[in-house]
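Derivation of every value follows stated rules applied to the coordinates shown; laboratory data play no part. Being a predicted model, the structure only gives us computed values, none of them experimental. In this analysis, Cβ positions are derived from the backbone assuming ideal geometry, glycine residues included, and neighbour counts consider all displayed protein chains.
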């Protein structure tokens with residue numbers, strides 16, 4: 001049976017305020033630290049979280065800047081799962097151009113989802129595209145320190 | 001405004017050296033301010049030569065990468081030169097994944113970056 005040191009989870013409403021975003025981010029990263037995840041894991045999770053919540057506010061809540069998005073997280077000793085849901089109309093992640101193509105390299109946008117996919121173990125959107133769930137699997141001992 | 005700057009800027013031998021004050025370049029408002037401040041340096045130079053050091057930086061976002069690309073485009077439009085330096089290995093991985101290491105000239109140290117502009 002898991003005890004308090006083996007897992008942590010929560011659901012938080014977050015407004016587009018830097019202090020609120022940092023509070024939940026630091027809470028999740030603090031749990032990773034407590035569970036002995038390597039620093040590379042913290043880097044990956046912070047990067048993916050920042051990209052995901054930025055997208056939720058910038059695109060999902062463009063027309064509703066005062067409304068909160070919902071962040072749900074669950075961390076145990078093997079993996080981290082974070083879901084971010086906004087109240088926007090959603091989007092089709094399949095239509096985002098590949099930012100690594102030569103013709104897109106000097107475009108200053110369009111890399112967020114690609115970075116999330118690169119640093120997370122699994123990424124899924126709900127059918128309407130306004131809820132992103134991402135999972136990070138802890139690397140084997142001795143790697144990614 | 002100078003008191004609000006998130007940058008340390010120094011001029012030497014015709015090269016503008018820029019360092020970030022913050023360890024994390026994630027906040028949209030800060031990124032916009034950084035882009036505007038460096039943009040004004042570029043506008044003020046006939047043929048800008050810039051070295052941007054990441055020696056203090058632990059994290060950056062895709063919006064920060066976007067700001068760097070915009071800076072690079074502005075520098076190229078004025079036939080100037082931009083070098084990046086002191087990039088942490090984890091951040092360098094971000095440049096590799098996005099293939100932005102192909103459009104930026106990246107050096108291990110500021111000294112090497114400045115020498116490359118001589």
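Table for the structure above
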quantity	calculated
Selection from the stretch B:1-57 of residues that are assigned to a strand (DSSP E or B), out of contact with any strand residue (DSSP E or B) (no Cβ under 6 Å at 6 or more places or on another chain) and touching a residue at least 24 places away in the same chain (Cβ under 8 Å)	B:12, B:20
Qualifying residue in the stretch A:32-40 (condition: assigned to a helix (DSSP H, G or I), surrounded by fewer than 21 Cβ atoms within 10 Å (Cβ to Cβ), touching a residue at least 12 places away in the same chain (Cβ under 8 Å) and within 11 Å of another protein chain (Cβ to nearest Cβ))	yes
Members of the stretch B:48-60 found to be over 10 Å from the mean Cα position of the chain (by Cα), crowded, with 18+ Cβ neighbours inside 10 Å and more than 10 Å from chain A (Cβ to nearest Cβ), listed by number	B:48, B:49, B:57
Complete set of residues in the stretch B:71-87 that are facing chain A (nearest Cβ under 10 Å) and surrounded by 17 or more Cβ atoms within 10 Å (Cβ to Cβ)	B:71, B:72
Leading residue by the ranking (farthest from residue A:28 (Cα to Cα)) among those in the stretch A:86-127 that are part of a strand (DSSP E or B) and touching a helix residue (DSSP H, G or I) at 6+ places or on another chain (Cβ under 8 Å)	A:125
Selection status of residue B:63, crowded, with 20+ Cβ neighbours inside 10 Å and within 14 Å of another protein chain (Cβ to nearest Cβ)	yes
Contacts under 7 angstrom Cβ, first residue in the stretch B:88-99 being at the interface with chain A (Cβ under 7 Å from one of its Cβ atoms) and in contact (Cβ under 8 Å) with a residue 24 or more places away in the chain, partner surrounded by fewer than 19 Cβ atoms within 10 Å (Cβ to Cβ) and not in a helix (DSSP H, G or I), 6 or more apart	B:98/A:100
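Yes or no, residue by residue, for (1) surrounded by 13 or more Cβ atoms within 10 Å (Cβ to Cβ); (2) in contact (Cβ under 8 Å) with a residue 40 or more places away in the chain; (3) more than 15 Å from residue A:53 (Cα to Cα); (4) more than 14 Å from chain B (Cβ to nearest Cβ):
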| position | (1), (2), (3), (4) |
| --- | --- |
| A:79 | yes, yes, yes, yes |
| A:82 | yes, yes, no, yes |
| A:95 | no, no, yes, yes |
| A:103 | no, no, yes, no |
| A:107 | yes, no, yes, no |
| A:116 | yes, yes, no, no |
| A:131 | yes, yes, no, yes |
